[in-house]
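The values are calculated or read from the model by the stated rules, or taken from the named source; none is laboratory data. Since the model is a prediction, treat every value here as computed from it, not as a measurement. When we count neighbours, we look across all protein chains shown, and the Cβ atoms used for this are built from the backbone with ideal geometry, even at glycine. Side chains included, ligands, DNA and RNA excluded: accessible areas come from the protein's heavy atoms. Shrake-Rupley method; radii C 1.70, N 1.55, O 1.52, S 1.80 Å.
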Amino acid sequence: MNTMLRKSVLGIAGLAFTGGVFAGPIAAHADAAPVQGTKPVAVSMQGAQSKIDLNDEQTANAKAIIAATKKAGLPERAAVISIATSLQESKLENLGHLGDANDHDSLGLFQQRPSSGWGTPEQITDPEYSTLAFLKGLKQVDGWQDMPLTEAAQTVQVSAYPDAYAQWEQQAADIVAHNWNS
């Protein structure tokens, strides 16, 4: 076999191997079943998943996040990221000032801080406003639609616990799947 042909064959084999290495993790999740009755929301679970039972207030806050996401003209994936973020930050509770237990001046569903420019305390504790503020930050993250949820959320939130958002992805996806069309 001449040198040029051998290099071509080896080059093609190398590309095929490299493609398999990079596509392998994607292909491993290709058969994951979407939530029943909905179109798939890009979900790439990372690590163990947490779940809490939601009360009426938490459910109403999740629905408010979904409504604000729709108002912003963003897809279901943005709602999943938003709800997972709120699950981590406040367990979907619209938290006011917590006294000594407060993390600086963090408030609301997303634990946003007035001192960091998120808005006034009244604005931050308004579910629609706080969600739209979070989504405004999310839209500024290049490629947020395709990155792992925890990376997208962390880029907006700048948390001391950057990997904590991932544990809520399944519950957030289920909430969005159940409520997006209602």
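So, VAL141, is that one hydrophobic (A, V, I, L, M, F, W, C), in a loop (DSSP other than H, G, I, E, B) and modelled with pLDDT of 95 or more or not? Let's see the steps before the verdict.
On the way: hydrophobic (A, V, I, L, M, F, W, C): yes; in a loop (DSSP other than H, G, I, E, B): yes; modelled with pLDDT of 95 or more: yes.
Yes, satisfied.
Between a residue in the stretch 60-76 that is under 14 Å from ASN179 (Cβ atoms) and any residue that is aromatic (Phe, Trp, Tyr), which pairs come within a Cβ distance under 7 Å, given they are 6 or more apart or on different chains?
Once the first residue is under 14 Å from ASN179 (Cβ atoms) and sits in the stretch 60-76, its partners that are aromatic (Phe, Trp, Tyr) give ILE66/TRP180; GLU76/TRP180.
Of all residues in the stretch 57-87 being of a type in the set (Lys, Arg) and under 16 Å from LEU138 (Cβ atoms), which is surrounded by the fewest Cβ atoms within 10 Å (Cβ to Cβ)?
LYS71
What is the residue count in the stretch 21-56 for residues that are basic (Lys, Arg) and either open to solvent by less than 70 Å² (accessible area, probe 1.4 Å) or at pLDDT 95 or above (or both)?
1
Give the residue that is least open to solvent (accessible area, probe 1.4 Å), with candidates limited to residues of the stretch 114-129 that are part of a helix (DSSP H, G or I) and without any contact (Cβ under 8 Å) to a residue 24 or more places away in the chain.
Out of the qualifying residues, it is ILE124.
Out of everything in the stretch 133-182 that is of a type in the set (A, V, I, L, M, F, W, C) and surrounded by fewer than 19 Cβ atoms within 10 Å (Cβ to Cβ), what residue ends up being nearest to the chain's Cα centre (by Cα)?
Restricting to residues being of a type in the set (A, V, I, L, M, F, W, C) and surrounded by fewer than 19 Cβ atoms within 10 Å (Cβ to Cβ), the top hit is MET147.
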